[in-house]
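Quick note: the coordinates plus some simple rules give every number you see, no bench work behind them. Bear in mind the structure is a predicted one, so any value in this text is a computation, not a measurement. Counting neighbours? That spans all protein chains shown, and the Cβs are built from the backbone with ideal geometry, glycine included.
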Amino acid sequence: MLDYRQWRSFAFTLHRPGGGAEALTRARHSQLSGGEQSVSLHLPLFAAANALFGSARPDAPRLLGLDEAFAGVDDTGRGELMALAKQFDLDLFMTGYDLWATHPAVSGAAHYDLSHSTLEHAVSTVLLVWDGSVNVADFDGTLTRALGSPETRRAPGRDTALVEFGLGDE
């Protein structure tokens with residue numbers, strides 16, 4: 001957990017199209033829409049992560065995990081936040097509902113789409129890879145193998161046996 005408030009302080013100014021600038025205080029923040037509030041919270045997080053990662057070795061990962069990433073932010077705002085993450089050279093690991101990284105600012109992303117079947121009591125996944133212009137879906141495992149996945153997992157209750165996804169007597 002990164003609590004940047006311990007070692008950094010930020011002052012924000014709200015700029016509206018066609019309007020003036022005003023200080024973004026707690027009171028003003030509470031008057032914003034849900035999406036605007038989310039964006040205004042992600043900006044200091046990205047800036048703080050960038051400042052922290054700037055003190056690391058050049059080859060250190062710059063990974064930032066976001067749960068329910070960009071909740072309430074419209075597609076334009078999501079694209080702008082992803083562009084900002086790219087500007088800060090951050091690698092994002094995100095979870096969220098209806099979350100797609102298919103924005104022009106994103107040069108590449110791997111995305112797992114999860115689908116839950118209450119009838120079959122199962123969750124299935126499809127790997128989608130965004131190459132900056134098109135999403136490629138991996139329905140047959142070819143892409144997964146090309147990315148180096150062993151396509152196996154440890155089965156519960158077994159010491160060394162590996163069981164392929166979707167198969168086995170679990």
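Under 5 Å from the amide H of residue 94 lie the amide H atoms of 66, each residue being 5 or more positions distant or on a separate chain, with H modelled from the backbone and absent for Pro and chain starts. Per-residue Karplus couplings for the stretch 33-38, computed as 6.51 cos²θ - 1.76 cosθ + 1.60 with θ equal to phi - 60°, are listed in order as 5, x, x, 5, 5, 4 Hz, Gly and Pro entered as x. Look at (1) 63, 39, 33; (2) 41, 32, 25; (3) 53, 47, 33: the one that is Cα extents along the principal axes in Å derived from this structure is (1).
Helix 75-87 against the longest principal axis of the chain: what's the angle in degrees, Cα atoms only, rounded to the nearest 10? Around 90 degrees separate the two axes. Backbone geometry of the stretch 60-73 corresponds, through the Karplus equation with coefficients 6.51, -1.76 and 1.60 at θ = phi - 60°, to 3J(HN,Hα) couplings of 6, x, 10, 8, 10, x, 10, 8, 6, 4, 6, 4, x, 8 Hz, x marking Gly and Pro.
Taking +1 at the Cβ of each Lys and Arg and -1 at the Cβ of each Asp and Glu, which of 12, 58, 46 sits farthest along the dipole of the chain towards its positive end, judged by Cα position relative to the Cα centre? Positive-most Cα among the choices belongs to 12. For the chain, the 222 nm mean residue ellipticity estimated from helices alone, with every DSSP H stretch of n ≥ 4 adding -39500 (n - 2.57) and the total spread over all residues, rounds to -7500 deg cm²/dmol. By the count of neighbouring beta-carbon atoms within 10 Å, fewest first, 117, 38 end up ordered 117, 38. Between residue 111 and residue 98, residue separation times 0.36 nm minus the direct Cα-Cα distance comes to 3.6 nm. Computed extension length for residue 3-residue 121: 38.6 nm, one decimal, from 0.36 nm per residue of separation with the Cα-Cα distance subtracted. Applying the Karplus relation 6.51 cos²θ - 1.76 cosθ + 1.60 with θ = phi - 60° to the stretch 11-22 yields 3J(HN,Hα) values of 10, 10, 10, 8, 10, 9, x, x, x, x, 9, 9 Hz, where x marks Gly and Pro. About its Cα centre, the stretch 51-156 has a charge dipole of approximately 420 debye under the convention of +1 per Lys or Arg Cβ and -1 per Asp or Glu Cβ, with nothing else charged.
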